[in-house]
1. List the residues whose amide H sits under 5 Å from the amide H of Trp91, counting only those 5 or more places along or on another chain, with H placed 1.01 Å from N in the peptide plane.
2. Using the Cα centre as the reference, give the magnitude of the dipole from point charges on the C-beta atoms of the range 82-181 (Lys, Arg: +1; Asp, Glu: -1; all else neutral), rounded to the nearest 20 debye.
3. Any chance you could run the full-extension gain for Leu59 through Leu490? It's 0.36 nm times the residue separation minus the Cα-Cα distance, nm to one decimal.
4. Remind me, relative contact order of the range 82-181 in percent, using alpha carbon pairs under 8 angstrom and six or more residues apart?
5. Please give the length that would be gained between Leu403 and Ala257 if that part of the chain were fully extended, namely 0.36 nm times their separation in residues minus their C-alpha to C-alpha distance (nm, one decimal).
6. Each label point is 7 Å from the Cα along the Cα-to-Cβ direction; what then is the distance between the points at Val49 and Asn456, in nm?
7. If I model a spin label at Ala151 and Trp439 as a point 7 Å from the Cα along the Cα→Cβ vector, what separation in nanometres do I get?
8. Could you list Ile166, Ile428 in order of exposure, starting from the residue whose Cβ has the fewest other Cβ atoms within 10 Å?
Amino acid sequence: MTWGLAAAIAAGVAGDVRVLAVALFFFLRCSLQDPELGWARPRAVGAGVLAVLAAGSYLYGYAAVLSHAGKTAAFDRAAAAGDGKLCLDGWVASYPQYRYGGMAFEFETRVGDARQVPIRILVKSKEYVVGYGDSLRVDGHAYYAKENRRASYGRYLKGRALAGEIRAAGGGVVHLAGESGYVLTRRVFWPIHERVRCDVVRGLGARSGVPAALLIGERGFLNRKAPGIFADLGLSHLLALSGLHLGFVAAGFLLAARLTGRRNPLLLIVVLVTYVGIVGFIVSLVRALVMALLLIVASAVHRPLRPVSALGNALLLLLIIMPLSMFSLSFQLSFLATYGVLRCVVLLKPSPGDYSWARRLWLAVRSSLLVSLSAQLFVTPLILHYFEGVSLLSPLATMIFVLPVAAILTATAVCAGLSWICQPAASIGFDGLGWFVVWFGKSVEWAGSVSPDRVNLPAPDIYLYYGGLGLLFHANGGRWARSVGVVLLLIAFMCH
């Protein structure tokens with residue numbers, strides 16, 4: 001049911017009635033066949049209630065798009081009235097991120113007649129002394145992407161619910177009296193984020209790009225060539241914080257709890273929430289956090305919850321809070337990759353038997369490769385649509401580099417923690433980590449130099465493609481279903 005409601009909201013956001021029809025189909029199917037929903041008497045009433053819920057969810061998503069369009073129009077009118085120049089008062093609504101030559105942050109303000117329209121915009125400034133919750137006056141010019149990037153950049157801003165962008169030169173940002181934002185975030189999480197960033201950059205210097213990106217999502221310290229190399233290898237998802245990184249944090253905590261003999265689900269929840277708060281509550285991590293919380297709570301009350309159901313609940317909750325995130329490419333890739341992994345894990349049930357160490361190693365390698373391949377299969381249509389090419393080595397490269405990424409993330413967290421306790425020990429740790437980061441960077445560069453170019457393919461028909469994947473990953477599907485699935489995938493590429 002939650003998947004159907006999420007699909008209805010997504011249909012309203014995208015303005016696609018076909019997606020709404022799919023959601024209604026699932027609603028009707030559940031109401032007529034699932035006895036747990038309690039709609040048995042009368043079934044027609046249950047089906048009608050679910051249909052109303054679907055229609056309401058569709059209208060909710062559609063209203064969110066209209067509201068954002070109105071805010072964007074208000075920003076454009078204000079910019080046009082000042083010949084592109086704007087002077088706005090507001091507060092910093094996100095963690096400022098370092099970038100080449102300044103900082104970038106989300107800014108909440110008001111525009112229009114008598115400043116009546118509340119909007120959130122992206123500000124890129126030359127200032128470095130900006131913190132979450134600071135009250136500012138921003139004086140700059142509205143930025144509009146060039147013609148060949150306008151559509152994609154507009155979609156990027158819409159995915160973050162931003163009405164536009166302002167670029168302020170030196171002296172264009174003035175601090176005002178007062179503070180805003182959430183008190184816990186401003187007083188606790190943001191200062192820790194700043195301290196960790198400073199410790200990592202101070203300890204590693206020019207080698208801090210990958211560790212800072214993996215631990216706290218600060219990508220402004222990366223080498224200019226690094227994002228392109230990672231993209232060519234299909235490893236961009238390793239740099240973008242998501243459920244994979246939250247899983248590393250949870251695994252580290254569970255390992256420590258197992259060694260000390262103290263397993264406390266409540267403490268695990270506190271650790272995960274604290275980490276997401278320190279990073280900055282980015283959407284991909286919030287999705288993973290909601291999934292983790294649902295699974296932990298369900299396990300604690302002895303009511304097992306399937307991971308796929310938890311993913312559907314997380315999707316519905318995020319779409320209710322941030323419906324425009326459906327336009328975010330990272331949001332789409334994150335959910336599709338996670339769904340592909342979960343569908344593959346269900347099929348990889350270990351068969352009973354006592355295997356040799358070589359057999360176990362082969363099964364582990366095969367399972368890792370299949371999981372990586374399944375995630376790649378589910379995100380391929382989007383990658384082809386946006387980038388017109390895909391790396392065939394992405395599953396293998398992911399399997400090879402995921403363990404070094406986990407090691408860098410863990411070592412960076414340990415060294416950052418040591419810097420609070422024992423600075424000499426932290427310096428030694430950062431020296432060793434710096435050597436490993438250099439080795440990792442050279443390995444990635446070498447892999448990028450010897451890997452073949454990305455394959456340019458037309459984007460497939462999305463309905464046929466995912467229909468074929470559904471048959472391929474069907475738990476009870478036999479050879480006939482898988483054969484039909486392969487045929488649908490081939491037809492999908494011919495019907496682009």
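1. HN-HN under 5 Å from Trp91: Glu108, Leu136.
2. Values: 15 positive and 11 negative charges, 103 e Å.
With only Lys, Arg, Asp and Glu charged at Cβ, the dipole is about 500 debye.
3. Working: separation 431, 0.36 × 431 = 155.16 nm, distance 3.53 nm.
Working it through step by step, the gained length comes to 151.6 nm.
4. Values: 214 pairs, mean separation 32.9, N = 100.
Relative CO of the range 82-181 lands at 33 percent.
5. Values: separation 146, 0.36 × 146 = 52.56 nm, distance 2.11 nm.
Gain on extension, Leu403 to Ala257, equals 50.4 nm.
6. So the label points at Val49 and Asn456 sit 5.5 nm apart.
7. 4.7 nm
8. Working: Ile166 25, Ile428 13.
Ordered by Cβ neighbours within 10 Å, fewest first: Ile428, Ile166.
The numbers here are math on the coordinates, done by the rules we state, and not lab data. Note that the structure is a prediction, hence the values are computed from the model and not measured. Here Cβ is always computed from backbone atoms with ideal geometry, including for glycine, and neighbour counts include all displayed protein chains.
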